[in-house]
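Enquirer: Before I ask anything, here is the structure I am working with.
The values are calculated or read from the model by the stated rules, or taken from the named source; none is laboratory data. Because the structure is predicted, anything quoted here is derived from the model rather than measured. Don't worry about glycine lacking a Cβ; one is built from the backbone with ideal geometry, like all the others, and counts go over all protein chains shown.
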Amino acid sequence: MTENHAVQTVAAARIASELHQAQQIARQLAISSKNARAIVLRAGSKAAGLAVIANFYDELANKTIILAQSINHTAINISAHSVNEWRNSTTLDQLAKASKLAADAKFKGDIDENVKRIKIEKKNLDARFTRLMNELYAKLDEIQQHMRAIDVIAVTSKLEAVQTGEFRGHLVEMADGIQTMANRIKEHVTHSISLLDSAR
């Protein structure tokens, strides 16, 4: 395993921790969106425009929870993959030493064949590691996009809340709370991306 891959594996483990915290916030976000939906139902026709927004909050919160779980799974795969790379590198080193010691031995061809095979495996492992790291980036980016969308929707819902009379205060307060949670998730994701960037 290359030193860089070891650093990236540690970063992936730290990202899993960051996203576990983001997942907990996303669960609160999902509860808040259900509460918002309940208020919207009570407000009736005055809050008709907010019904779609409340559903959208819920959908994005649930997608974020699923993505956070998926990121954890990817981080575990990266960790397991690094162990395989380490085994592969160790075996390759040992076979290279054996090949030097067996310079004139008649079984040297067998050692060399194994070295070739393991080098091919190493190349495949490196390619898979790169794919896993790219997958991690893509998932983090997707969560960030969800949070940006929630931010925009929170502003829209505050504008819509003006039409709801007595429910206005509750709905604006909920939109503020949802926006705050989305920003906290964004902080975890931004920190995760910076961890990944510094490990590259």
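Enquirer: Could you please give the count of residues in the range 78-113 that are of a type in the set (Asp, Glu), surrounded by fewer than 13 Cβ atoms within 10 Å (Cβ to Cβ) and within 43 Å of the chain's Cα centre (by Cα)?
Expert: The qualifying residues number 2.
Enquirer: What are the residue pairs meeting all of these: first residue in the range 109-120, first residue closer than 15 Å to THR90 by Cα, second residue surrounded by 15 or more Cβ atoms within 10 Å (Cβ to Cβ) and not hydrophobic (A, V, I, L, M, F, W, C), Cβ atoms under 8 Å, and 6 or more apart or on different chains?
Expert: If the second residue must be surrounded by 15 or more Cβ atoms within 10 Å (Cβ to Cβ) and not hydrophobic (A, V, I, L, M, F, W, C), the pairs left are ILE111/SER99; VAL115/SER99; ILE118/ASN88; ILE118/THR91.
Enquirer: Okay, next question. Name the single residue that is surrounded by the most Cβ atoms within 10 Å (Cβ to Cβ) among those in the range 30-75 being of a type in the set (Val, Ile, Thr) and more than 29 Å from the chain's Cα centre (by Cα).
Expert: VAL40
Enquirer: Which of the numbered conditions does ILE76 fail, given that it passes all the others? Conditions: (1) out of contact with any Ser or Thr (no Cβ under 6 Å at 6 or more places or on another chain); (2) β-branched (Val, Ile, Thr); (3) farther than 16 Å from SER192 by Cα.
Expert: Here ILE76 clears every test but (3).
Enquirer: How many residues does the range 127-141 hold that are among the acidic types (Asp, Glu) and surrounded by fewer than 15 Cβ atoms within 10 Å (Cβ to Cβ)?
Expert: Number of matching residues: 1.
Enquirer: List every residue pair whose Cβ atoms sit under 6 Å apart, with the two residues 6 or more apart in sequence or on different chains, where the first one lies in the range 173-193 and is within 21 Å of LYS158 (Cβ to Cβ) and assigned to a helix (DSSP H, G or I) and the second, anywhere, is basic (Lys, Arg) and modelled with pLDDT under 90.
Expert: What qualifies is ALA175/LYS158.
Enquirer: Mind telling me which of the residues ALA102, ALA199 ends up being closer than 30 Å to LEU19 by Cβ and of a type in the set (Gly, Ala, Ser)?
Expert: Values: ALA102 fails: closer than 30 Å to LEU19 by Cβ.
Within the list ALA102, ALA199, the selection yields ALA199.
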